[in-house]
Amino acid sequence: MLQNSNSDKNVIWHTSTVNKEDKQKLHGHKSLMIWFTGLSGSGKSTIANALQLELYKKRVSVYLLDGDNLRHGINKGLTFTEDDRKENIRRTAEIGKLFVDAGMVVLAALISPYEKDRQNARSIFIKEEFIEIYVKCPLEECENRDPKGLYKKARQGEIRQFTGIDQPYEEPTNPEIIIDTNVLSIQECVEIITSHLFNKVGLIKKTKE
């Protein structure tokens, strides 16, 4: 199989002897990419962290890719222009795909404001392995919370290209899950997500030997 998206036909895809299904059997559950999107201050990272803990308690192999943390490493140097946001999401999705191939559940918490970029992320996964969660919250409430003081800085002109202030946020058109943090508690959000994962997706249902 040739991977020639970079126009280099000398780069050959090597198939692993131990495949994704083998790794899922080892972990005892399916592997998934769970993508949290929403405005800054909506609660993405908080809920993703709470979900990670809940899955860990249920012996699910899980890892969280937080947007801010990624910008300290793999995405260091990327700005908040539209092009750099696109690259930020592409890299994160590709990392997530590696985790899914390793048989794990990976969570990503990023603003990811543009629908096209989120759809591009979705496109690299098979359908049942990508779950988009829209962490919905009114801009006014996010700005009232302002846990990192970013909205205040954006209003004062200290931060440019800030989503919701001088850059748009495009709401997801068809996410698998919507959680409204303006009315739901963290625990209620986690319960909605875990119910979907266990009852609808069948996360813990082991593959046949």
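Tabulated results
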item: Proximal charge balance of Asp68 [Cβ under 13 Å; K/R count +1, D/E count -1]; result: +3
item: Rg/Rh for the stretch 49-131, where both radii come from Cα atoms and Rh is the Kirkwood radius; result: 0.97
item: Those lysines that a straight Cα-Cα span of less than 27 Å connects to Lys58, excepting residues fewer than 8 apart in one chain; result: Lys20, Lys23, Lys25, Lys30, Lys44, Lys97, Lys127, Lys136, Lys200, Lys205, Lys206, Lys208
item: Label zone at Arg155 (point 7 Å along Cα-to-Cβ), backbone N below 18 Å, the stretch 33-77; result: 39-42
item: Neighbourhood charge, 11 Å Cβ-Cβ cut-off, centred on Lys136 and excluding it, Lys, Arg +1 and Asp, Glu -1; result: -2
item: Pairwise centroid distance, computed over Cα atoms, of the stretch 147-172 with the stretch 9-71, Å; result: 27
item: Residues with amide H under 5 Å from that of Leu64, placed H, sequence gap 5 or more; result: Leu107
item: Cα-projected label distance for Ile178 with Lys20, points at 7 Å along beta-carbon direction, nm; result: 2.9
item: Point-to-point label distance, Asn69-Asn144, nm (Cα→Cβ direction, 7 Å offset); result: 3.0
item: Over the stretch 100-181, volume per residue of the alpha carbon convex hull, in Å³; result: 120
item: Taking all pairs of distinct alpha-carbon atoms in the chain, Kirkwood radius in angstrom; result: 18.1
item: Calculated FRET value between Ile186 and Glu94, using beta carbons and R₀ = 25 Å, to 0.05; result: 0.30
item: Cut-off under 5 Å, modelled amide H: who pairs with Leu203 long-range; result: Phe198
item: Amide H contacts of Gln167 (H built 1.01 Å from N, under 5 Å, at least 5 apart or other chain); result: Phe162
item: Potential lengthening between Asp101 and Lys57 on full extension [0.36 nm per residue; Cα-Cα distance subtracted]; result: 13.6 nm
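Computed from the coordinates by the stated procedures, all read-outs in this text should not be read as laboratory data. The structure displayed is predicted, hence computed values, not measured ones. Virtual Cβ from ideal backbone geometry, glycine too; neighbours counted across all protein chains shown.
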